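Comments concern the structure below.
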């Protein structure tokens, strides 16, 4: 039983002085019984629509689309009555959603939520006042002169003349169901009250102000959400962040919904929804991965849908990386020119990242240096240690040496070539193999000076001997 029986006794006593008399009150205490049975004995049954019936709970009645209620014989004077309801609809923005049909499904002259407004069809609707999954106080009054007035949350919104006398025709009223298959919404009703006579504006205001004294409505969930961010992430690596939803609603409420996927090539997962069903203060978390492919800021928006409300969370991350630079552009040649015996060329490499000095996130490792090709044996590399690390702006000068032994005139002007390959961790985790940079090494062999002099003297000596 509800704990607010005293409230209804006092309310009933006070209403005796009002312009309308409370005759029936349906509180849905695990049944469809009239709580006061004041002078009438109406029959309230679950919906007669083919969609089936809803569910009676402890102080509420929940229903699917077209699974409402039907009341027969509940109005003492079918030309002069008031109906008070406190309910919520899951859907209020998709056309007509029937609140009550006082004409026993004989026409469409019903009270509707129409795109969020209140309407007695076919008369014009009010502006949007209903929100999905939000309890709303509605009162409808019908006077003997055919005046039909509708109130939402204590405010009069419609006032029309029901000249066709369809209101309460046959003394049968359908609640939350329609003879059309597409003009009803799922929802929950906390209470329905029937009055003999027409309630006044001030009386309806009082009823609205006291509506929260009724208990047993479905506990309302509320959506809370939060997220972490990815922060700075080294290009070629990954980091995780998460979105968390919390049911911050009432005790015994249930928050249901989904957390959507990410978007963008740097983020995953990019498909599928993660569902949740949460009691009060319970949480659900979905994790996401960020794998930046280049330096710079990135973001993705995560959509959260629930039976309380919808929202978005934005996850942000920034790709950071070392940047390789060298005194000779990678892919070009380092030319020693003509070399008589040995020569050296310097190659300076530097970490020129524009990012802040973030340690392992922006340090650059020179993992290896290899010289390959048919003439690789003529070249060597100095000032290099495998695994040497360059922090932001740090540089390293490498010494490349060419050496040959001139043995015959056939080597004069001979071009020796090889490839120098520097392997770094740019585009990968610190110390892991990443991008490589290649240089063409070339030198032209000529005899060194002493060898040239000896060659000249031998030629002169040979000429003299020949003359003799």
To the nearest 10 degrees, how steep is helix 449-467 against the longest Cα principal axis of the chain, on a 0 to 90 scale? 40 degrees
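With 10 angstrom as the radius, rank 162, 101, 90, 425 by how many other C-beta atoms surround their C-beta, starting from the fewest.
Details: 162 20, 101 29, 90 14, 425 24.
Placing the least packed residue first, the sequence is 90, 162, 425, 101.
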Rounded if a/c is under 1.5, else prolate if a/b beats b/c, else oblate: with a ≥ b ≥ c from the C-alpha gyration tensor eigenvalues square-rooted, which is the chain? prolate
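By counting other Cβ atoms within 10 Å of each Cβ, how are 134, 147 ranked from fewest to most?
Details: 134 12, 147 15.
The fewest-first ordering by Cβ neighbours comes to 134, 147.
Label segment 223-320 by shape, choosing from rounded, prolate and oblate, from the square roots a ≥ b ≥ c of the eigenvalues of the Cα gyration tensor; if a/c is under 1.5 it is rounded, and otherwise prolate applies when a/b is larger than b/c, oblate when it is not.
Values: a/c = 3.04, a/b = 2.52, b/c = 1.21.
Prolate shape, in that a/c is at least 1.5 and a/b is the bigger ratio.
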The exposure ranking of 34, 91, fewest beta-carbon neighbours within 10 Å first, is 91, 34
Theoretical ellipticity at 222 nm over the chain - DSSP helices of four or more residues, -39500 (n - 2.57) apiece, nearest 500: -2500 deg cm²/dmol
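Read the figures in this text as sums done on the coordinates, not as results from a lab. On a predicted model such as this, the values are computed, not experimentally measured, just so you know. For neighbour counting, all protein chains shown are included, and Cβ atoms are generated from backbone atoms with ideal geometry for every residue, glycine included.
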